[in-house]
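What follows is a set of notes on a single structure, which appears directly below.
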Amino acid sequence: MTNLDYEVIVIGAGVGGIYQIKRLVDLGIKATVLELGGDLGGTWYWNRYPGARFDSESYTYGYSFSKEVLEEWHWKERFSGQPENLRYLNFVADKFDLRKHMQFNVRVEAMHFDDAETLWRLKLSDGRTLSCRFVIMTTGLLSQPTLPRLEGIDSFKGRSFHTYYWPQEHVDLRGKKVAVIGGGATAIQVIGEIADKVGDLTVFQRRPNWSAPLNNSPISEEEMADIRKRYDEIFAACARSPGGFVHEPDRRGFYDVSREERLKLWDKLYDEPGFGIWLANFKEIFMDEAANAEISDYIAERIRRRVKDPKVAEKLIPRDHGFGIQRVPMETRYFEAFNQPNVHLVDLRETPLERVTEKGLRTTEREYAFDIIVYATGFDAITGAFDHIDIRGTGGQTLRDKWRDSCSTFLGMMVHGFPNMLMPAGPQSGSASTNYPRGIETGVDWCTEFLKRVRAEGQTRFEATAEAEKRWTDHVVGMYSMMLMRKAKGWFTGYNSNVAGHEEGKVRYFVYNGGAPKYVDRISQVAQKDYEGVVRARA
Ligand code: NAP
């Protein structure tokens, strides 16, 4: 140990890295967190765009590990916004004095495994090289924003930014001509929020997404007092539900109830807060084409009722995938925004974008002039953060090459050929598809208990076997065949038109579809069988 800079290096100081360093510090392990951002918070540090907020109920998103934090923190809104979420993460980090274990403004450029010495060497953007025995990747699922590959993107004379890099200082939108490119969850939040604050807003949409009302509201002192009393019950409900949310699927069969009863349920859920309309629905909507078509028609009808111009309404209704087969963006005043005279919709399927100009954007039809262009164009998701670091395992193989066509992991937490590396929320882990912090706590706890065992037994090296990795990856891939999700072109399946090799929408097996309870069961069994599938050794 003496010649190592740290025993453990954690990469990323977001929701995952904060909890991970807490667990390591509690064990007295010499560890540090390296973070690219100027401060902690990850997603909630970067995404400062107007309208950025949870789609999880706030009180299910917070950490559950500390009774004190649960007692002391007051969530002010049912779906809390970015500034408050960042304050929360700072509150937790400061409470446990974690900031002193974090280093900011450092990019990990490369990490190479030295098999002879059994250690990782990390090359940092500030010129340093650090060594450690173990690396824990908490780099986030959506932390590599992608811009369109458009000619002239640097020639625009106004202001432009990806939503992820929305400036920290106030951006004055009053009277401005603003463009938003995108139709995903981010665009849907930003459009609903800024439509009545800008002079003029033009939305450039290629494929619409299904979305449903968030129905946000404040949380009073009395309600918060009640929530505090029910935290055990709330977290137990999250642990039972496939997505780690408070919403549990309707246990009745879709076809066991009449159409009238289905409509009654949907009318109720549509007007209730949060993901109910998606996750408290019938299970069949995720697997059965006819059931999915019926709920999709229902949601389309709700959109038609809200958008005054029928032509605009039809453009906002997706045709290439059904409702809920990918994560549903939650909206506030989104559809109503298109009823305002200052809001315009450009359908890029009719008139594709050709280039960015000095003044704005040019489609095949005409040029549009803007003061501000907002790119809500998504992320190189799930594996992107790994691909952006030159990660080399045994024999110098790169992780980028290993995962070029899809990915393969053991439990979503280890990779064969990349010893001593853990991913509490890696590709193919339960966290990638759930209410993130619920999955993160599961992943961090499992990884920490595993490291405790390794250290207690005096081992210095661990690696998942190729067979264990294959078994897990086959299990993950097998579950895709049951889900309509495999037919959706989105970040969940590895599609991104702006990333070379990801444009076609060839399915990448990124996500564990079995639900949180099954995932927890599987990883617990591995731990109970003394981490079967992982070879551990002393130096
Ligand atoms: P996204 O879902 O990947 O959406 C990106 C959008 O940009 C798509 O509509 C895409 O159109 C469009 N786009 C990309 N490149 C384009 C181009 N060159 N020209 C025209 N349009 C282009 O990304 P996101 O909206 O940032 O959301 C990602 C995920 O973040 C969400 O699914 C969610 O999990 C998470 N999120 C959560 C919340 C929350 O409420 N907590 C809020 C925001 C985001 P195509 O589909 O046609 O490619």
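The values are calculated or read from the model by the stated rules, or taken from the named source; none is laboratory data. Predicted, not measured: the structure shown is a model, and the values here were computed from it. Backbone-built Cβ (ideal geometry, glycine too); neighbour counts: all protein chains shown.
Assorted remarks:
- For Asn435, the requirement of being under 18 Å from Ser406 (Cβ atoms) and within 16 Å of the ligand (Cβ to nearest atom) is not met.
- The set of residues in the range 34-46 being surrounded by 23 or more Cβ atoms within 10 Å (Cβ to Cβ), in contact (Cβ under 8 Å) with a residue 60 or more places away in the chain and closer than 19 Å to Arg87 by Cβ consists of Glu35, Leu40, Gly42, Trp46.
Every residue, every condition in (1) in contact with an Asp or Glu (Cβ under 9 Å, 6 or more places away or on another chain); (2) assigned to a helix (DSSP H, G or I); (3) surrounded by fewer than 19 Cβ atoms within 10 Å (Cβ to Cβ), yes or no:
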position: Gln168; (1), (2), (3): no, no, yes
position: Gly175; (1), (2), (3): yes, no, yes
position: Ala187; (1), (2), (3): no, yes, no
position: Glu193; (1), (2), (3): no, yes, no
position: Lys197; (1), (2), (3): no, no, yes
position: Thr202; (1), (2), (3): no, no, no
position: Asn215; (1), (2), (3): yes, no, yes
position: Met224; (1), (2), (3): no, yes, yes
position: Arg228; (1), (2), (3): yes, yes, yes
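- Qualifying residue in the range 198-214 (condition: modelled with pLDDT under 95 and under 30 Å from Ser66 (Cα atoms)): no
- From Arg319, Arg327, Arg355, residue being assigned to a strand (DSSP E or B) and either under 27 Å from Arg302 (Cβ atoms) or not aromatic (Phe, Trp, Tyr) (or both): Arg355
- Those residues of the range 279-312 which are part of a helix (DSSP H, G or I) and more than 25 Å from Glu260 (Cα to Cα), in sequence order: Pro310, Lys311, Val312
- Residue list for the range 518-539, filter: surrounded by 15 or more Cβ atoms within 10 Å (Cβ to Cβ) and of a type in the set (Ser, Thr, Tyr): Tyr519, Tyr531
- Single unsatisfied condition, Leu141 versus (1) in contact with a strand residue (DSSP E or B) (Cβ under 7 Å, 6 or more places away or on another chain); (2) within 11 Å of the ligand (Cβ to nearest atom); (3) closer than 30 Å to Ala31 by Cα: (1)
- In the range 283-337, the residue that is surrounded by the fewest Cβ atoms within 10 Å (Cβ to Cβ) out of those that are among the acidic types (Asp, Glu) and under 25 Å from Ser80 (Cα atoms) is Glu336.
- Set side by side, the residues Gly51, Gly41, Gly37 differ, and just one is away from the ligand (no atom under 11 Å from the Cβ), out of contact with any Leu (no Cβ under 7 Å at 6 or more places or on another chain), part of a loop (DSSP other than H, G, I, E, B) and in the same structural domain as Trp446 (by TED's automatic domain parsing), which is Gly37.
- Looking only at residues in the range 457-485 that are within 26 Å of Ser131 (Cβ to Cβ) and among the hydrophobic types (A, V, I, L, M, F, W, C), the one that is surrounded by the fewest Cβ atoms within 10 Å (Cβ to Cβ) is Phe462.
- Any hit, the range 494-504, residues being assigned to a helix (DSSP H, G or I) and either crowded, with 21+ Cβ neighbours inside 10 Å or aromatic (Phe, Trp, Tyr) (or both): no
- Within the range 4-30, being touching a strand residue (DSSP E or B) at 6+ places or on another chain (Cβ under 8 Å), farther than 25 Å from Trp46 by Cα and assigned to a loop (DSSP other than H, G, I, E, B) holds for Leu4, Asp5, Ile29, Lys30.
- None of Arg366, Arg304, Arg333 is of a type in the set (Lys, Arg) and either outside the structural domain of Gly243 (by TED's automatic domain parsing) or touching a residue at least 24 places away in the same chain (Cβ under 8 Å) (or both) except Arg333.
- Boolean, Gln326 is under 19 Å from Ala187 (Cα atoms) and at pLDDT below 95: yes
- Among residues of the range 121-147 being of a type in the set (A, V, I, L, M, F, W, C) and part of a loop (DSSP other than H, G, I, E, B), the one that is surrounded by the fewest Cβ atoms within 10 Å (Cβ to Cβ) is Leu147.
- Residue in the range 289-301 that is among the charged types (D, E, K, R) and in contact (Cβ under 8 Å) with a residue 60 or more places away in the chain present: yes
- Pair list, Cβ < 6 Å and 6+ apart or interchain, from the range 205-226 residues that are among the charged types (D, E, K, R) to residues that are at pLDDT 95 or above and within 12 Å of the ligand (Cβ to nearest atom): Arg206/Leu348
- Glu248 being within 27 Å of the chain's Cα centre (by Cα), acidic (Asp, Glu), in a loop (DSSP other than H, G, I, E, B) and closer than 28 Å to Glu77 by Cβ: yes
- Residue tally, condition surrounded by fewer than 18 Cβ atoms within 10 Å (Cβ to Cβ) and either under 26 Å from the mean Cα position of the chain (by Cα) or of a type in the set (D, E, K, R) (or both), over the range 261-272: 7
- Criterion: assigned by TED's automatic domain parsing to the domain that holds Ser408, in contact (Cβ under 8 Å) with a residue 60 or more places away in the chain and part of a loop (DSSP other than H, G, I, E, B) - qualifying residue of Tyr509, Tyr531: Tyr531
- A residue that is within 17 Å of the chain's Cα centre (by Cα), in a loop (DSSP other than H, G, I, E, B) and buried (at least 23 other Cβ atoms within 10 Å of the Cβ) occurs nowhere in the range 82-94.
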